[in-house]
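Remarks on the structure that follows.
The values are calculated or read from the model by the stated rules, or taken from the named source; none is laboratory data. This is a predicted model, so every value here is computed, not measured. Virtual Cβ from ideal backbone geometry, glycine too; neighbours counted across all protein chains shown. These accessible areas exclude ligands, DNA and RNA; they are computed on the full protein's heavy atoms, side chains included. Shrake-Rupley method; radii C 1.70, N 1.55, O 1.52, S 1.80 Å.
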Amino acid sequence: RKGCVVDALTLFIIRRLAIEDVILEICGPIGVTETSIDVFRGRRDEIELHGGKPFTVISWRDGKYYREEISEATISQALDLAKNDLSWIQANCDILPADSDHDLSSNVREISKKYRRDIFDPILAALGSNRLLLCEDFIYRSLASSLKLSNNTWLQPVLLTARDRKILSL
């Protein structure tokens, strides 16, 4: 109940499953970093870039080309969703600094140089705030464990706990 820190993907899943109240009840306050919020802002901005005009997407799957028409209604729904997510985050989440006294190993520093340092922001926020890292990505949780963040988990144990406490039905 000290709270948790979620990355952008996990928060997206929480929002789509509409289990925000369950997470708040089991874990306590939900914390996010600015870089995670930036993912949601980027999604909103990308949708707005189309100006509400329909467009076509062509993809390759199973040896075939697929063409998908993205309608004005689909764009409008996606934009509403992105704006609602950002509003919910601002109203309900703690914005945490990606800061910790924990010294990053040389291997982690090399990874952060190769990709981006902000990839570690949710881990550093969890370490610095002494909160649970709630993350759906196994490799990311493994990386967190290697950085001595032992309090990390994915959604399933939280949801099972909620079910056992009768907060969430089967």
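Are there strands (runs of 3 or more DSSP E) fully within the range 1-71 with at least 2 residues that are modelled with pLDDT under 95, in contact with a strand residue (DSSP E or B) (Cβ under 9 Å, 6 or more places away or on another chain) and not polar (S, T, N, Q)? List them.
Qualifying strands (runs of 3 or more DSSP E): 55-61, 64-70.
With (1) under 22 Å from the mean Cα position of the chain (by Cα); (2) over 22 Å from Phe12 (Cα atoms); (3) β-branched (Val, Ile, Thr) as the list, and Ile75 as the residue in question, which single condition is left unmet?
(2)
Tell me, yes or no, whether the range 105-116 has at least one residue that is within 22 Å of Pro29 (Cα to Cα) and modelled with pLDDT under 90.
Within the range 105-116, not a single residue is within 22 Å of Pro29 (Cα to Cα) and modelled with pLDDT under 90.
When the range 50-80 is examined, which residues are found to be among the β-branched types (Val, Ile, Thr) and open to solvent by less than 90 Å² (accessible area, probe 1.4 Å)?
Once the filter is applied, which keeps residues that are among the β-branched types (Val, Ile, Thr) and open to solvent by less than 90 Å² (accessible area, probe 1.4 Å), the range 50-80 yields Thr56, Val57, Ile70, Thr74, Ile75.
Do you know which of the residues in the range 81-101 that are open to solvent by less than 60 Å² (accessible area, probe 1.4 Å) and among the small types (Gly, Ala, Ser) is modelled with the highest pLDDT?
Residue satisfying both the conditions and the ranking: Ala82.
Name the residue that is farthest from Val32 (Cα to Cα), counting only residues in the range 144-170 that are surrounded by 13 or more Cβ atoms within 10 Å (Cβ to Cβ) and within 16 Å of the chain's Cα centre (by Cα).
Among residues in the range 144-170 that are surrounded by 13 or more Cβ atoms within 10 Å (Cβ to Cβ) and within 16 Å of the chain's Cα centre (by Cα), the one farthest from Val32 (Cα to Cα) is Val158.
For the range 128-142, enumerate the residues that are out of contact with any strand residue (DSSP E or B) (no Cβ under 8 Å at 6 or more places or on another chain) and open to solvent by less than 40 Å² (accessible area, probe 1.4 Å).
Once the filter is applied, which keeps residues that are out of contact with any strand residue (DSSP E or B) (no Cβ under 8 Å at 6 or more places or on another chain) and open to solvent by less than 40 Å² (accessible area, probe 1.4 Å), the range 128-142 yields only Tyr140.
Determine which member of the set Ala144, Ala126 is in contact with a Leu (Cβ under 7 Å, 6 or more places away or on another chain), within 19 Å of Ile23 (Cα to Cα) and not hydroxyl-bearing (Ser, Thr, Tyr).
Ala126
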